[in-house]
Each structure stands twice: as structure tokens, then as C-alpha cells.
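First the structure, in the form of C-alpha cells, and then the observations on it.
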There are 2 protein chains.
Amino acid sequence: MLTLYSFGPGANSLKPLLALYEKGLPFTRRQLNPANFEHHEDWFKKINPNAQVPALDHDGKIITESTVICEYLEDVFADGPRLRPADPYRRAQMRIWTKWVDEYFCWCVSTIGWERMVSRMARQYSEEEFEAYVRRIPLYEQQVKWRRARAGFPQEMLEEEMRKIAFSVRRLEARLAESPWLAGPDYTLADICNFAIANGMERGFPELVNAQDTPRLVEWIGRINERPAAKKMFAETPRDKLERPAQPAARSG
Amino acid sequence: MLTLYSFGPGANSLKPLLALYEKGLPFTRRQLNPANFEHHEDWFKKINPNAQVPALDHDGKIITESTVICEYLEDVFADGPRLRPADPYRRAQMRIWTKWVDEYFCWCVSTIGWERMVSRMARQYSEEEFEAYVRRIPLYEQQVKWRRARAGFPQEMLEEEMRKIAFSVRRLEARLAESPWLAGPDYTLADICNFAIANGMERGFPELVNAQDTPRLVEWIGRINERPAAKKMFAETPRDKLERPAQPAARSG
């Protein structure tokens, strides 16, 4: 039995969500609410001591880290639709792209998302209430990020992240000019993991992602949104829980 | 035919090097010299446009990124000694550890290594010579790092990296208290990738890594050094090219 603990279909939570839908695997979808710090509650820390979503429960075994969960699903459910190339060289190309999301692309988009949305949320609480919430967070770096969100991220940091986002967008556009999918001829986890961050950038970063400047990126985002699995994933998300992309809890696992 | 382009047996270069020795695969070892920026030369940029080692040439196909190369070797050479658990859950645990090296552990140790050793190297050149070298570096972040090395890293950054190193050391010690190897009962890429960074920390960070405070970490480092593959790898490194661990080019691929 599979249970996925996640936020809504955006950022790191989207990766295993979409992978599960693409593979047609039946699973229980347990959606946490970042707005009231649900992932920092004790019941969830018993599942993932790092208090981060997504986390997958497979017959009682817990797998964490969004990209690791995706590879795990490929390792275990090899019979259904495959999201990882069989060819080792192509598989390596796929991993270079998923690794890049985790080490670069997800972070810059996440900081801007936090500045725009988590900041507002964090300021709804009194200093005391907020600190009580932050103290429950086990990872020091996450505590720092929450405090920065409330105080406002340093301007220098925001500018540097915007530079990285512009670079990332150019990199994706260039790659999609030479290949229909990021890791080659087939749709793979490379596409899912990058889509998790890029989806919605036309609204969040219209000066960077638009039909004129990045036609291939826009087309690729549209192409993934048109896939039956993506449509089903979004349709099955409770309306009141539909989060905007590049949303608060962007960086979590 | 396999050719590995790398620096000496430390940091990211050590990962595929030791994996190749452990698997007993014949390969050509092509050792570049970071002290004269050899990896930024045009001939090598034809192999890896990012100008980073390690890079593996397998029958003309180039695979980059140290952790990706290690997984590639497991995918292709599945018949010999295995460095990746067959069980998907254990494999996921292994990937959480290799990912942690790439996203956290390697960076903090690398910054201190650069401050201690690359800085000196960078200052041997005149401003003009140095800038000419730096302009050849394709990755913007690497240019920034080289310039910081020459100017000296900000004190605040060095303190934050030392905090992360202390946290990393405690984390490894705690894990090795509950398991003989990082991903469970077997020696895997999790151990190789962490060893790549941790080896030599008794000398580089004696206040953090020592027989009294971190007995299990020290024992684990010793245990890997005693493996025939590690002994052979170090023995076959040209003496004049033996780099100290936590060495200049620590973070490269």
C-alpha cells in the first residue's frame, strides 16, 4: 500500500505526485497544509523526523526526498509505464537534470516564492507565536529560512536568485531547442522534476517565461499539462487546496 | 574502453576513482593538475563544457557529475562487485546519503579547503594573469568562488561553513553508531561518496574529528582506507600528484 504525504501539486511535492499518476499506481493522497505548519507537527515528525514533505509510506517503509522517491518508484514498479530510460547513458543524462533541479533550479525559484508568499503568511503571527512554530522545525537551515521570510529576505539575495532564475530559464530553453524532452527522445523524471518548478512561471515570472522569449519552454510546460496524468492530478486536488505554483512551501524535501 | 579524467584521489574525483577500483574495472587514469587550471583548458572543455572533473569517457560517451558517474558504473557493470544495494528501500537510503554529500557536506568542507589552499595558489598570479584564467571558466558560480578564494572568503561565510562541518561530523558519527555502513549492512556508494569528503578530516579538522569525540567516524575512515581497492588507488597515484584531502579543487563536479 502506498501513501504519499505532500503539499499540493507544485514544487517538490509535485514530483512524486505526478510520477504516481503517470505510472497509474493506486495510492492514498494525504495533503498537508503548510499554512498552519502541519508538516512540523509531532505526528508527522514520527513519519519524517526532518519534518519535510513529500514522504512516501510503502507498506510501512518510509522513503523521503522527492527525487529519491521518484527513483524508488522506478526501482519497485518496473512493470508499468517507465519514467527512467533503460539505456544507462540516457539515464545518466536524466540524473544530471534531476540533480540540477535539487541543487540549483529549485532553490532560486523557492526563495522568490517564499519572499512573495510565505513572508505574508509568517507575518500573520505574533513574534511569540511565530517563534513557537519555528522552534518545532528540526532543520536549522529551515528555521533560518522561515525567520528570513518573516523579516524579508536580503535584497542582495533576492537579486542573486533572480539572476539564477534567468540563467535557468535560458538553460531550459536551449536544451528544448535540441531535444523534445530534457533527457532525450523520451519523457522522463528529468521532465517531471523540472516541470515541478517551471510550471506556472509564465504567471510568476512573465518577464522571463513567455511565448516570445521562451517559446520552447512554454510549449513544453503546456505539453506536460496536457498529459492525462497531469490533468488527473490537478483535477483530483481539492479546490480549496490548490496552491499556486512557485508557492510558499516550494522547497521542502 | 574507460577513461577517467580527474584530479587526485580526494573529494569529488575520489568517488568514481574508488568505485572503479572497487569494481576492478580496467581504465585509463588521466590526472589533471588543478594548480595550473588544466581543467579550464580548451581541450578539456571539449570533453566537459562545464570544465569540471571528474568526467568519464566510456567508448566515446561522456558522463559527468561524480555521483551520476558512480550510478552509471552500477547500471552498466552490474556483473562485478556491487556498490549499490539490490533492495529498493536500501538503495533509497543510499541515495539520501549521496545526495546529502552533493547538497551539503561537500560544500562546507570545500569552502574551508579553498580558503586554506586555493587562496594561496590564486594569489601566486598577478591580478591580470588571474583574471585571464578566471575568464576561461564557463560556470559563473565557479568564477565567483575563484575570485573569493583570491580575495579571501567573507568571515561570516567561513563561520557558517564551520558550523555545517561540525553538524555533518555529528550526523555521520550518530549514523555509524547505529549501522556499520551508512546505508545499512553493506558497503555502498553512500560510504564511498562520504569518504571522499571525510578522508583526511582528522588532519584538516582535528578539533572535530578525533578518536575521542568521533570514534566511529575515525574507525570507519580507517576501515575504508584498509580496503584493498583504496590501498591500490592511493598507491597508484603518482607521488608528486598526491593531493591532500579537503584539497583545493574539492568542489568540482
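The values are calculated or read from the model by the stated rules, or taken from the named source; none is laboratory data. These numbers come from a predicted model, not from an experiment. Note that each Cβ is placed from the backbone with ideal geometry, even for glycine, and that neighbours are counted across all protein chains shown.
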Of the conditions (1) under 16 Å from B:THR3 (Cβ atoms); (2) within 19 Å of the chain's Cα centre (by Cα); (3) not in a helix (DSSP H, G or I), the single one that B:ARG84 does not satisfy is (1)
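Conditions tested, residue by residue: (1) at pLDDT 95 or above; (2) within 24 Å of B:VAL68 (Cα to Cα); (3) among the hydrophobic types (A, V, I, L, M, F, W, C); (4) assigned by TED's automatic domain parsing to the domain that holds B:HIS39.
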| position | (1), (2), (3), (4) |
| --- | --- |
| B:ALA198 | yes, yes, yes, no |
| B:MET201 | yes, no, yes, no |
| B:GLU207 | yes, no, no, no |
| B:THR214 | yes, no, no, no |
| B:THR237 | no, yes, no, no |
| B:GLU243 | no, yes, no, no |
| B:ALA250 | no, yes, yes, no |
If you go through A:ASP42, A:ASP102, the only one that is within 14 Å of chain B (Cβ to nearest Cβ) and either out of contact with any strand residue (DSSP E or B) (no Cβ under 9 Å at 6 or more places or on another chain) or closer than 30 Å to A:LYS164 by Cα (or both) is A:ASP102
Practice task
Output yes when any residue across the range A:47-55 is part of a loop (DSSP other than H, G, I, E, B), touching a strand residue (DSSP E or B) at 6+ places or on another chain (Cβ under 7 Å), touching a residue at least 12 places away in the same chain (Cβ under 8 Å) and within 26 Å of A:GLU226 (Cβ to Cβ), and no when none is.
Solution key: yes
Reported set for the range A:133-150 where residues are in a helix (DSSP H, G or I) and not aromatic (Phe, Trp, Tyr) is A:VAL134, A:ARG135, A:GLU141, A:GLN142, A:GLN143, A:VAL144, A:LYS145, A:ARG147, A:ARG148, A:ALA149, A:ARG150
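Have a look at A:LYS46, A:LYS61, A:LYS23 and point out the one that is charged (D, E, K, R) and surrounded by 16 or more Cβ atoms within 10 Å (Cβ to Cβ).
Details: A:LYS46 fails: surrounded by 16 or more Cβ atoms within 10 Å (Cβ to Cβ); A:LYS61 fails: surrounded by 16 or more Cβ atoms within 10 Å (Cβ to Cβ).
Just one listed residue meets the conditions, A:LYS23.
Here is a list: A:PHE105, A:PHE153, A:PHE167, A:PHE130. Which entry is of a type in the set (A, V, I, L, M, F, W, C), on the phi < 0 side of the Ramachandran plot and not in a helix (DSSP H, G or I)?
Working: A:PHE105 fails: not in a helix (DSSP H, G or I); A:PHE167 fails: not in a helix (DSSP H, G or I); A:PHE130 fails: not in a helix (DSSP H, G or I).
Result: A:PHE153 is the single residue among A:PHE105, A:PHE153, A:PHE167, A:PHE130 that is of a type in the set (A, V, I, L, M, F, W, C), on the phi < 0 side of the Ramachandran plot and not in a helix (DSSP H, G or I).
Say we look at the range A:108-127 and pick out the residues that are among the polar types (S, T, N, Q) and in a helix (DSSP H, G or I); which of these is farthest from A:GLY10 (Cα to Cα)?
A:SER119
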Restricting the range B:68-97 to residues that are at the interface with another protein chain (Cβ under 7 Å from one of its Cβ atoms) and either touching an Asp or Glu at 6+ places or on another chain (Cβ under 6 Å) or under 20 Å from B:PHE195 (Cα atoms) (or both), the one surrounded by the fewest Cβ atoms within 10 Å (Cβ to Cβ) turns out to be B:ILE96
